[in-house]
1. Against the conditions (1) surrounded by fewer than 18 Cβ atoms within 10 Å (Cβ to Cβ); (2) more than 16 Å from ligand 2 (Cβ to nearest atom), where does residue 235 fall short? Just the number, please.
2. Considering only residues that are open to solvent by 20 Å² or more (accessible area, probe 1.4 Å) and in contact (Cβ under 8 Å) with a residue 40 or more places away in the chain, look in region 189-204 and name the one that is farthest from ligand 3 (Cβ to nearest atom).
3. Looking at region 87-100, which of the residues that are part of a loop (DSSP other than H, G, I, E, B) and surrounded by 14 or more Cβ atoms within 10 Å (Cβ to Cβ) is farthest from ligand 1 (Cβ to nearest atom)?
4. Those residues that are more than 18 Å from residue 48 (Cα to Cα) and touching a helix residue (DSSP H, G or I) at 6+ places or on another chain (Cβ under 6 Å), I need them from region 207-231; list them, please.
5. Taking residue 57 as the residue in question, decide whether it is away from ligand 1 (no atom under 16 Å from the Cβ), β-branched (Val, Ile, Thr) and not in a helix (DSSP H, G or I).
6. Going by the conditions given, is residue 84 of a type in the set (Val, Ile, Thr) and not in a helix (DSSP H, G or I)?
7. Looking only at region 101-117, count how many residues are open to solvent by less than 10 Å² (accessible area, probe 1.4 Å), part of a loop (DSSP other than H, G, I, E, B) and either free of Cβ contacts under 8 Å to residues at least 40 places away in the same chain or of a type in the set (Phe, Trp, Tyr) (or both).
8. Return only the number of the condition from (1) surrounded by 20 or more Cβ atoms within 10 Å (Cβ to Cβ); (2) under 22 Å from residue 203 (Cα atoms) that residue 129 does not satisfy.
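The values are calculated or read from the model by the stated rules, or taken from the named source; none is laboratory data. Here the structure is a predicted model, which means the values were calculated and not measured. For neighbour counting, all protein chains shown are included, and Cβ atoms are generated from backbone atoms with ideal geometry for every residue, glycine included. Please note that ligands, DNA and RNA were not included when accessible areas were found on the heavy atoms of the full protein model with its side chains. Shrake-Rupley method; radii C 1.70, N 1.55, O 1.52, S 1.80 Å.
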Amino acid sequence: MLFKALKKNKERDIDLENLPKHIGVIMDGNGRWAKKRGLPRSAGHKAGAESLKKIVTEANNLGVKYITVYAFSTENWKRPKAEVDYLMDLLMDYLINAEKTLAGENVRIRAIGSRKELSEEMRKQIKKTEELTKDRSGIVMNIALNYGGREELVHSAKKIAEAVRNGKMAPEDITEKEIEDGLYTAGQPDVDLLIRTSGEQRLSNFMLWQVSYAEMVFVHKLWPDFKPKDLIECIKIYQGRGRRFGGI
Ligand code: IPE
Ligand code: IPE
Ligand code: MG
């Protein structure tokens with residue numbers, strides 16, 4: 001693995017000592033990709049899922065430790081039912097096939113977001129895939145599924161309120177750590193590099209807490225056109241930025 005990464009590095013000229021630990025990806029533009037080709041939006045989502053496999057594999061080969069991909073937002077339920085159903089089926093297949101595809105690449109898969117609105121079948125499959133890949137030593141892939149940054153903060157606040165009500169914690173004990181502990185990404189580093197494809201420049205409720213100091217890279221390519229070499233390009237841009245975290 002290391003050799004593979006070193007070889008790639010030589011070809012691609014990125015600093016493997018200064019990789020983002022956690023990459024967040026807002027995979028946007030599937031619908032426009034399909035429209036450009038006169039295809040139904042579903043074809044764009046299908047192509048997007050292929051793109052995702054390649055990008056996660058590349059990130060893992062490089063040695064990135066965490067990647068969170070925005071697959072379905074808490075707002076995406078507003079879409080026509082047929083599209084929502086298609087996306088859910090696609091995600092289901094993705095999870096089912098993960099054993100053969102991504103887990104073979106040593107990827108540890110987790111789902112982040114609210115589960116109670118998902119189908120029973122989906123909830124079961126998420127558990128199964130998480131269990132199956134939990135001992136993998138490669139990249140941790142968080143699939144943000146029915147995820148919203150605001151919902152996540154509400155979820156964390158409720159946990160804290162419960163602890164206070166049960167007398168396990170006093171309001172003065174609440175610090176950033178307690179809020180972080182209640183996030184779906186508890187224990188993981190903050191996002192260092194946030195990539196959004198399709199030219200849109202907004203967060204759309206993605207990881208509001210975790211992107212506080214992320215370097216943001218917005219690319220014009222539509223998600224199905226985003227290739228491993230584009231990921232390398234984004235990492236290079238990240239490595240060229242001066243991060244100060246409020247210091248000088
Ligand atoms: C991103 O592509 C995938 C999801 C939001 C599920 P879109 O479906 O948002 O594609 P555009 O933005 O309409 O092109
Ligand atoms: C964000 O994309 C959600 C995902 C990529 C899953 P959207 O396409 O839903 O975001 P908006 O509506 O353009 O802000
Ligand atoms: Mg979109």
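1. Condition (1) is where residue 235 drops out.
2. To start, the set of residues in region 189-204 that are open to solvent by 20 Å² or more (accessible area, probe 1.4 Å) comprises 189-190, 192, 199-204.
Still in the running and in contact (Cβ under 8 Å) with a residue 40 or more places away in the chain: 189-190, 192, 199-200, 203-204.
Details: 189: 27, 190: 24, 192: 24, 199: 10, 200: 7, 203: 13, 204: 8 Å.
Filtering first and then ranking leaves 189.
3. First, pick out the residues of region 87-100 that are part of a loop (DSSP other than H, G, I, E, B): 98-100.
From what's left, surrounded by 14 or more Cβ atoms within 10 Å (Cβ to Cβ): 98-99.
Numbers: 98: 18, 99: 23 Å.
The extreme case among them is 99.
4. Just the residues of region 207-231 that are more than 18 Å from residue 48 (Cα to Cα), to begin with: 207-217.
Result: 207, 208, 215, 217.
5. On the way: away from ligand 1 (no atom under 16 Å from the Cβ): yes; β-branched (Val, Ile, Thr): yes; not in a helix (DSSP H, G or I): no.
So residue 57 fails the test.
6. Values: of a type in the set (Val, Ile, Thr): yes; not in a helix (DSSP H, G or I): no.
Against the criterion (of a type in the set (Val, Ile, Thr) and not in a helix (DSSP H, G or I)), residue 84 does not qualify.
7. So the answer is 0.
8. (2)
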